[in-house]
Amino acid sequence: MVKKSKSLAQPSWNATVWRYMGVDKFFDLILNEHLVFNRADNFTDKNELLFDWISLDQHASGNELKQTEFDQRCKSLKESAFVSSWSAQKNESFGLWKVYLGGNNPGVAIKTNYQDLIKSFPSSRFDIVSGRVRYHTPTRGKAFDYMVQLDDEQLIGTKYAGYSYEHEVRLFLIPPSTNFGGQKIVQIPVSLDSLIHEIWLSPWIASWFQSTFNEIVDRLRPSILERIRPSRLNDNG
C-alpha cells in the first residue's frame, strides 16, 4: 500500500512521471514484476541524507553536540530508508538520461502518471510513502535550525537545491527493523499494466539493438510491446 506523505507536497494525480533505467533493470522489472527500492546509503549519490552544507553554521554557534546528534539521526535514516526515485516532468530529460545511464549508454524510461504509479502496488508487506522532494537552499546562520526540526519523512525527502533539475518524486519505505539482514535493496511487486504507460528508448540505443530489444520484450511481456517509443532527442555525442 502507498500512502501520500502528510509532510511532503504531492504532484497532481495526472502529473507525468518518469523512471530512467538501464536495459538490465528494465528486463528485471518486466520479467519479475517487481520494482527495486534501493537503500539510501547504496546510492551512487553520496550526498543522500548527508547535509554537510549546513554543518558550518552550527559549528560556528559552538553547539557541536546538537550537530552530532543530528548527524547520527541522518546516518540512521540513510541506513534504513529504501527509495525509488521518479521525475515529475512533462517531457523526457536529456540531463536525466545522462545521469541515470552514466553517459551515452542504452536504457529506457518508464512513462506513467502519478495516480497509476501509486496504484501499481497491489500489495506490499511494507507501508510505502510518496511525495515530492523538497530542494533547500541554505541560509547562512539559519540552515541548521531549519533542518533539525524536520520530521523523518521531510528529511528523507529533502535535497540540496543543486539537484532541483531532477524534479524528483520519491517513494520510500522503512522496514520495521533497522537490522534488515544487511539488505541493500527491497523488491516490491507491481502491476505492470497499471505502471507502464509508455517505454521510451534512450537516444543512444542503436537501430540494430532496437529490433533485439523488441524481440525480447515480445517474449517476456508481449502486452506492452506496442507501448515502446523512440526518444525524441537526437544525440550522437
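Here are the numbers for the structure shown:
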| quantity | calculated |
| --- | --- |
| Cα gyration tensor, region 74-195 - rounded (a/c under 1.5), prolate or oblate | oblate |
| Added length on full extension, which subtracts the Cα-Cα distance from 0.36 nm per residue, Asn104 to Glu33 | 22.9 nm |
| Å² of accessible area per residue within the chain, as computed with a 1.4 Å probe and no ligands counted | 50 |
| Pairwise centroid distance, computed over Cα atoms, of region 199-237 with region 79-124, Å | 17 |
| Degrees, to the nearest 10: 64-78 long Cα axis against longest axis of the chain | 20 |
| Residue-span extension gain [Ser211 to Gln187] - 0.36 nm each, minus C-alpha spacing | 5.7 nm |
| FRET E, pair Arg232, Gln154, Förster distance 41 Å, beta-carbon r, rounded to 0.05 | 0.70 |
| Leading residue at positive end of dipole, region 78-237 (Cβ point charges), from Ile228, Gln154, Leu195 | Gln154 |
| Label selected from (i) 52; (ii) 46; (iii) 56, the criterion being percent of Cα pairs over 23 Å apart as computed here | (i) |
| Antiparallel %, DSSP beta bridges [both residues in region 83-232], to 5 | 70 |
| Cα centre as origin, Lys/Arg/Asp/Glu Cβ charges: region 92-237 dipole, Debye | 200 |
| With every protein chain in place, region 155-234: carbon and sulfur % of accessible area (1.4 Å) | 49 |
| Cα long-axis angle, helix 207-220 against the chain (0 to 90 degrees, to the nearest 10) | 90 |
| Relative contact order, percent, the chain [alpha-carbon distance under 8 Å, six or more residues apart] | 33 |
| Length released on extending from Lys90 to Trp13, taking residue separation times 0.36 nm less the Cα-Cα span | 26.4 nm |
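The values are calculated or read from the model by the stated rules, or taken from the named source; none is laboratory data. What you see is a predicted model; the values in this text were computed from it and never measured. Positions of Cβ are backbone-derived with ideal geometry, glycine not excepted, and every protein chain shown enters the neighbour counts. These accessible areas exclude ligands, DNA and RNA; they are computed on the full protein's heavy atoms, side chains included. Shrake-Rupley method; radii C 1.70, N 1.55, O 1.52, S 1.80 Å.
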